[in-house]
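The values are calculated or read from the model by the stated rules, or taken from the named source; none is laboratory data. Please read all numbers here as calculations on a predicted model, not as lab measurements. Positions of Cβ are generated from backbone atoms using ideal geometry, with glycine treated the same way; all protein chains shown enter the neighbour counts. Calculation scope for accessible area: heavy atoms of the full protein, side chains included, ligands and nucleic acids excluded. Shrake-Rupley method; radii C 1.70, N 1.55, O 1.52, S 1.80 Å.
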Amino acid sequence: MHHMTLAEIARGLADKMFSSEELTKVLLARIIQLDPQINSFISLTEELALKQAKAADARRANGESGALLGAPIAHKDLFCTRGIRTSSASKMLDNFKAPYDATVVAKLAAAGTVTLGKTNMDEFAMGSASDSSWYGAVKNPWNLEHVPGGSSGGSAAAVAARLLPAATATDTGGSIRQPAAFTNLTGLKPTYGRVSRWGIIAYASSLDQAGAVARTAEDCAILLQDMAGFDPNDSTSIDEPVPDYSAGLNGSLQGLRIGVPKEYFGAGLDPRIAELIHDSVKELEKLGAVIKQISLPNMQHAIPAYYVIAPAEASSNLSRFDGVRFGYRCEEPKNLTDLYKRSRGEGFGSEVQRRIMVGAYALSAGYYDAYYLKAQKIRRLIKNDFMAAFNEVDIILGPTTPNPAWKIGDKSSDPVAAYLEDVYTITANLAGLPGLSMPAGFVDGLPVGVQLLAPYFQEGRLLNVAHQYQLNTDWHTRTPTGF
């Protein structure tokens with residue numbers, strides 16, 4: 001059962017081949033047995049999962065149906081879950097149990113999903129390797145010496161290892177798409193505002209977006225159907241009709257205009273990945289797509305702009321963690337200043353402290369105009385580049401990452417080297433566009449992803465292209481040895 005996709009599980013439950021409770025017990029046992037190898041979970045919610053599974057079986061027995069009714073998933077550990085530890089992989093929140101469910105958690109629970117646990121990640125979602133967690137680094141099931149990507153590495157590693165069929169994730173600069181690429185999964189980052197951010201511990205509020213990782217585009221469509229929608233609790237949520245994503249998967253790609261930016265194929269891209277991306281383009285051409293070279297001239301400014309904006313917003317968002325209201329508090333503070341300094345200094349890890357310092361500097365008097373304001377102007381130029389490109393093409397295609405997954409610890413002493421791995425993904429967050437990464441092959445036994453970007457609220461177009469590609473390739477069916 002652990003090799004089944006969400007779509008296959010839905011059919012199996014509908015046909016009464018097995019119950020949700022039986023499936024849940026199999027996957028919980030598998031997590032207990034195998035997760036110590038990859039460290040993809042922070043919390044396992046066995047009691048809750050079995051309770052939800054029994055409830056889902058009862059609902060089906062009463063005649064209810066639904067693609068997610070009884071389907072096991074996990075949540076990235078920055079989605080608030082009532083009564084369950086929500087740590088954001090930080091010592092700062094190790095003792096925090098959320099008093100309410102995030103909107104995404106509540107919507108998926110209402111659809112009948114079974115929560116197996118909370119997945120590991122980079123601390124406060126700050127990282128590209130899932131190695132900055134207070135609970136230890138996550139390992140890539142394809143090679144346990146390598147990173148699974150970040151910050152949603154726990155969600156990706158758990159799905160790749162067949163511990164569960166799908167998991168929620170978040171993407172601030174590529175944190176869904178990059179781990180999906182590194183672990184041979186499909187990862188979907190929706191349009192900014194398409195999925196509610198209420199109840200998600202914030203990193204950078206104008207960039208964060210909830211999404212999902214799964215084995216197929218079909219599974220991502222099933223999850224997005226119940227995750228998407230307007231939420232009055234979220235001031236950035238957009239009231240836009242939610243289409244039937246599954247119904248649009250089988251549309252023809254005949255005449256689809258695919259743009260390939262020339263800037264994506266510079267000196268920083270591993271030539272073996274470039275070759276796999278070109279192979280993907282040829283496959284889509286066979287399905288009727290028309291390929292056109294385009295240009296995104298301001299892409300070169302994306303990394304410096306992002307690493308001003310994101311830390312600036314993080315420094316503001318994380319100011320609430322001060323040792324006073326909730327979270328970690330230092331022992332025997334001498335005074336209020338000592339309480340603030342030691343609680344934050346002891347509660348936050350080095351990468352989080354680094355980004356808070358960078359952000360506070362960028363927002364400080366005398367530097368705001370020179371850094372933050374200029375970065376926002378560059379952000380607008382990047383958005384304009386995409387708008388111009390989408391006047392010529394329907395989607396944009398390129399590599400998800402410039403290199404395959406690196407060894408754990410290889411970039412720990414050089415944060416900038418890790419930042420450069422986000423070069424292809426962060427532009428979608430700066431512009432607020434939907435993006436998807438899908439499996440495209442292997443380099444030295446490690447998975448490689450191809451990224452698709454589309455205009456606002458065209459997630460259905462991305463899922464359609466990815467699904468048609470996956471019907472004609474088998475990369476997404478490969479399983480890591482031992483799992």
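Run the numbers for GLU285 and ARG59: contour at 0.36 nm per residue of separation, minus the present Cα-Cα distance, in nm.
Additional length available on full extension: 76.9 nm.
Could you tell me whether the range 302-374 comes out rounded, prolate or oblate from its Cα gyration tensor? Rule is a ≥ b ≥ c as square roots of the eigenvalues, rounded for a/c under 1.5, then prolate if a/b exceeds b/c, otherwise oblate.
Note, shape of the range 302-374 comes out prolate.
How large, in percent, is the carbon and sulfur part of the accessible surface of the range 6-254 at a probe radius of 1.4 Å?
50
Determine the relative contact order of the range 6-254: mean sequence separation of Cα pairs under 8 Å and six or more apart, normalised by residue count, in whole percent.
18
Mind checking the range 1-63 for trypsin sites (Lys or Arg not before Pro) that DSSP puts in a loop (not H, G, I, E or B) and that have at most 11 other Cβ atoms within 10 Å?
Passing both the DSSP loop test and the Cβ count: LYS16.
If packing is taken as the mean number of other Cβ atoms within 10 Å per residue, what is the order of 368-374, 104-110, 118-124, highest first?
Ranked by mean Cβ neighbours within 10 Å, highest first: 118-124, 104-110, 368-374.
For the chain, with every protein chain kept in place, what is the accessible area per residue (1.4 Å probe, Å²)?
37
Using DSSP to define loop residues, name the chymotrypsin sites (Phe, Trp or Tyr not before Pro) in the range 274-331 whose beta-carbon has at most 16 other beta-carbon atoms within 10 Å.
For chymotrypsin sites (Phe, Trp or Tyr not before Pro) across the range 274-331 that sit outside H, G, I, E and B with at most 16 neighbouring Cβ atoms in 10 Å, the list reads PHE326.
Which percent of the accessible heavy-atom area of the range 302-374 goes to carbon and sulfur, probe 1.4 angstrom?
Taking all protein chains in place, the range 302-374 shows 56 percent carbon and sulfur surface.
First select every other residue whose beta carbon is under 11 angstrom from the beta carbon of GLY199; then total the charges, Lys and Arg +1, Asp and Glu -1.
Here the charged neighbours net out to 0.
Tell me whether the range 145-244 comes out rounded, prolate or oblate; compute the Cα gyration tensor, take square roots of the eigenvalues as a ≥ b ≥ c, and use a/c under 1.5 as the rounded threshold.
Oblate, because a/c is 1.5 or more while a/b does not exceed b/c.
Can you bin the range 193-258 into rounded, prolate or oblate? Criterion: square roots of the alpha carbon gyration tensor eigenvalues sorted a ≥ b ≥ c, rounded for a/c under 1.5, prolate for a/b above b/c, oblate for the rest.
Prolate, since a/c reaches 1.5 and a/b exceeds b/c.
Report, in deg cm²/dmol and to the nearest 500, the calculated mean residue ellipticity at 222 nm for the chain, where each DSSP H run with n ≥ 4 adds -39500 (n - 2.57) and the sum is divided by the residue count.
-11000 deg cm²/dmol
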